[in-house]
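Some notes on the structure that comes next.
The values are calculated or read from the model by the stated rules, or taken from the named source; none is laboratory data. Since the model is a prediction, treat every value here as computed from it, not as a measurement. Here the Cβ is made from the backbone with ideal geometry for all residues, glycine too, and neighbour counts use every protein chain on show.
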Amino acid sequence: MTLQKNMTSTENSASLAVSDTKDSNIAPDNNVYDNDAPDNGVDLASLFEPYFRPDDNTIVCGALDDEKVTALARAGVELVINLQPDSELSFDESAAVERAGMSYEHLPIDGTTDLKQLNILAFDNILRQSHGKKTVLHCGSGNRVGAAIALRAGWLRGRKMDTAMERGRSHGLTSLEQEVHNRLLVPR
């Protein structure tokens, strides 16, 4: 197989030359995946909206479906953490994730009422146990993920307000920003 190196992720699927179509790196949709490229050559940014990448091992996105679960598995994701309550799920996400060979954690956070210290402690526990794994954190839009990250940084890690809020924004915090700010003002 011949692959072009040093290309941007948006060029991956269009620019790769293939000499052996029976190679196991070719997905059923005829996209080619370079196992040496970031995310095994899967262009996750083009598949997810919203999409946040605060670091190499962390992906934050909105709701998943079967196609997105398959892409995440191809990209080398090891763990999916879902913050959506069951009422927001349109398919058996747990089964799909596990069928794709990834681990699954579900911690439902249904709006501001669930942004409480007990849930943030549970969230922290999941993140600590998965340290070093390539992980997807998701909710409907990434907003609750960003809120949980900011609250974790402020309440549990002792980060200053600005640092905690910036950390949350890098993970998708948007419309819950004022609520998170107000909660961080209260010492824990």
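Which of the helices (runs of 4 or more DSSP H) found entirely inside segment 53-148 contain at least 3 residues meeting this: closer than 30 Å to Asp162 by Cβ, assigned by TED's automatic domain parsing to the domain that holds Thr163 and at pLDDT 95 or above? Before the answer, list the steps.
On the way: elements: 66-74, 93-99, 117-129.
Where helices (runs of 4 or more DSSP H) fall fully within segment 53-148 and carry at least 3 residues being closer than 30 Å to Asp162 by Cβ, assigned by TED's automatic domain parsing to the domain that holds Thr163 and at pLDDT 95 or above, they are 117-129.
Taking residues in segment 157-174 that are closer than 22 Å to Cys139 by Cα, and partners anywhere that are in a loop (DSSP other than H, G, I, E, B) and of a type in the set (Gly, Ala, Ser), the pairs with Cβ atoms closer than 9 Å and at least 6 places apart or on different chains are His171/Gly142; Gly172/Gly62; Gly172/Ser141; Gly172/Gly142; Leu173/Gly142; Thr174/Ser141; Thr174/Gly142. Of all residues in segment 95-115, those that are free of Cβ contacts under 8 Å to residues at least 24 places away in the same chain have Cβ atoms under 7 Å from Cβ atoms of residues that are surrounded by 14 or more Cβ atoms within 10 Å (Cβ to Cβ) and of a type in the set (Phe, Trp, Tyr), 6 or more apart or on another chain, in Glu98/Tyr104.
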